[in-house]
Amino acid sequence: MDKRELFAKARLCGAMAIFGTIGIFVKYLTLPSGFLVFLRASIGLLFLLPFVFFRKNKNTISSIKKNLFPLILSGAALGANWVLLFEAYRYTDVSIATLCYYLAPVFIVAFSPLILKERLNGQKIVGIVIAISGMVLVSGVFSGVKSANPTGIILGIMAAVLYATVVFINKGIKDVDPYDKTAFQFAVSLIITLPYSLFTENLSSDMFDLRSIILILIVGVIHTGVAYVMYFSSLKEVKAHTAAIFSYIDPILALILSFLILKETMGILEAIGAVLVLSGAFLSEIRLKKPNQSSDK
């Protein structure tokens, strides 16, 4: 492994670790979810714009025009996805919301045969069944865990569905630089969430104390701007299945921090369910190598 690839993997690990902490920060914010998404998208967009302009991609405008409708659709889905995830954090534990959200890879694999015409093999089917079985345990239906709020679980799963939708739409977007695409999606997200917030959510000056401002800046700059730049800059140097493996740093760290910082706990059945959800998602998403295949670098 050369230094370039090593640094790329380090950036990818860093990005996943940052993504894994966002639930902790959102949990301490009292801002309505829609307005928080508007602020996150706005700050993230401001952070990404220099990367868009300084890269001087001559095809930016023409490529965006060719993909205008899917870009708008994916940006709207991204904004709605964030709103639902942040709402899930409000209604249930960060750990449970995270596990619901991490059904997204399972949904992507499950619906790929219909949308992308990809083959669904036995390994993927087993992974899907394991993940869904784990989610049933996490939901607390067998143990009556109070923190497993049904509304929070539904919101988390809906967020996962929307994230999977963004992935499917993005696969149809051609010849658009990742930074350009993300900046455009952030712009669409803030455009749709601002009127939603103004007309449906109650905002007051009490919500903007010093702690809230600091947390908003962290979510916008670190969890959005910095994390996305680290993520995109690493993908060109890291193989797809390696990136898929590293992505599990996100939910695992979220579970650990929710236990250590938020003092969230799980019963035995829920803990088993958490393992099953992550194991099933991993099994359905990862490509197992055949004996004669060469190993990764």
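Read the figures in this text as sums done on the coordinates, not as results from a lab. Just so you know, these numbers come straight off a predicted model, no measurement behind them. For neighbour counting, all protein chains shown are included, and Cβ atoms are generated from backbone atoms with ideal geometry for every residue, glycine included.
What ranking do 264, 118 get, fewest neighbouring Cβ atoms within 10 angstrom at the top?
Fewest-to-most ranking of 264, 118: 118, 264.
For every helix of n ≥ 4 consecutive DSSP H residues, a contribution of -39,500 (n - 2.57) applies; sum these over the chain, divide by its total residues, and give [θ] at 222 nm rounded to the nearest 500 deg cm²/dmol.
Using -39500 (n - 2.57) per qualifying helix, the result is -23000 deg cm²/dmol.
With the convex hull built on the Cα atoms of the chain, state its orientation-averaged projected area in nm².
Taking the Cα atoms of the chain, their convex hull projects to 17.1 nm² on average.
How large is ³J(HN,Hα) for each residue in region 230-243, as worked out from phi by the Karplus curve 6.51 cos²θ - 1.76 cosθ + 1.60 (θ = phi - 60°), to whole Hz, x for Gly and Pro?
These are the phi-based 3J(HN,Hα) values: 4, 5, 5, 5, 8, 5, 5, 9, 10, 5, 4, 6, 5, 4 Hz.
Roughly how big is region 1-158's charge dipole about its Cα centre, with Cβ charges of +1 (Lys, Arg) and -1 (Asp, Glu), in debye to the nearest 20?
The calculated dipole for region 1-158 is roughly 660 debye.
In the chain, with Lys and Arg counted as +1 and Asp and Glu as -1 at Cβ, which of these residues, 77, 196, 151, has the Cα nearest the positive end of the dipole, that is, farthest along it?
77
Can you tell which of 135, 224, 205 lies farthest toward the positive end of the dipole of the chain, using +1 and -1 charges on the Cβ of basic and acidic side chains (Lys, Arg; Asp, Glu)?
224
Among residues other than residue 111 whose Cβ falls under 15 Å from its Cβ, what is the net charge (Lys/Arg +1, Asp/Glu -1)?
After counting each charged neighbour, the total is +2.
So for 177, 93, fewest C-beta neighbours within 10 Å to most, what's the order?
177, 93
Which whole-angstrom value gives the distance between the alpha carbon centres of region 47-104 and region 170-192?
Computed from Cα coordinates, the inter-centre distance equals 7 Å.
Please list, in order along region 253-268, the HN-Hα scalar couplings obtained from phi with the Karplus expression 6.51 cos²θ - 1.76 cosθ + 1.60 (θ = phi - 60°), rounded to whole Hz, x for Gly and Pro.
After applying 6.51 cos²θ - 1.76 cosθ + 1.60, I find 5, 4, 5, 5, 5, 5, 6, 6, 9, 8, 6, 7, 10, 10, x, 4 Hz.
Take every Cα pair under 8 Å in region 3-285 that's 6+ residues apart, average their separations, divide by the length, and report that relative contact order as a whole percent.
Dividing the mean separation by the residue count of region 3-285 yields 46 percent.
Under a Cβ-only charge scheme (Lys and Arg +1, Asp and Glu -1), can you give me the dipole magnitude of the chain about the Cα centre, in debye to the nearest 20?
Computed charge dipole of the chain: roughly 1100 debye.
Determine the shape class of region 152-247: with a ≥ b ≥ c the square roots of the Cα gyration tensor eigenvalues, call it rounded for a/c under 1.5, and otherwise prolate if a/b is greater than b/c, oblate otherwise.
prolate
Of 68, 283, 48, which is the most mobile in a GNM of the chain whose springs link Cα atoms less than 10 angstrom apart?
Its mean-square fluctuation being the largest, the pick is 68.
What is the order of 204, 197, fewest Cβ neighbours within 10 Å to most?
So the residues, fewest neighbours to most, are 204, 197.
When the chain is modelled as a GNM with alpha-carbon springs shorter than 10 Å, which of 225, 172, 140 fluctuates the most?
172
Apply the Karplus parameterisation 6.51 cos²θ - 1.76 cosθ + 1.60, with θ equal to phi minus 60°, to every residue of region 16-28 and state each ³J(HN,Hα) to the nearest whole Hz, in sequence, with x for glycine and proline.
These are the phi-based 3J(HN,Hα) values: 5, 5, 5, 4, x, 9, 4, x, 5, 5, 5, 4, 8 Hz.
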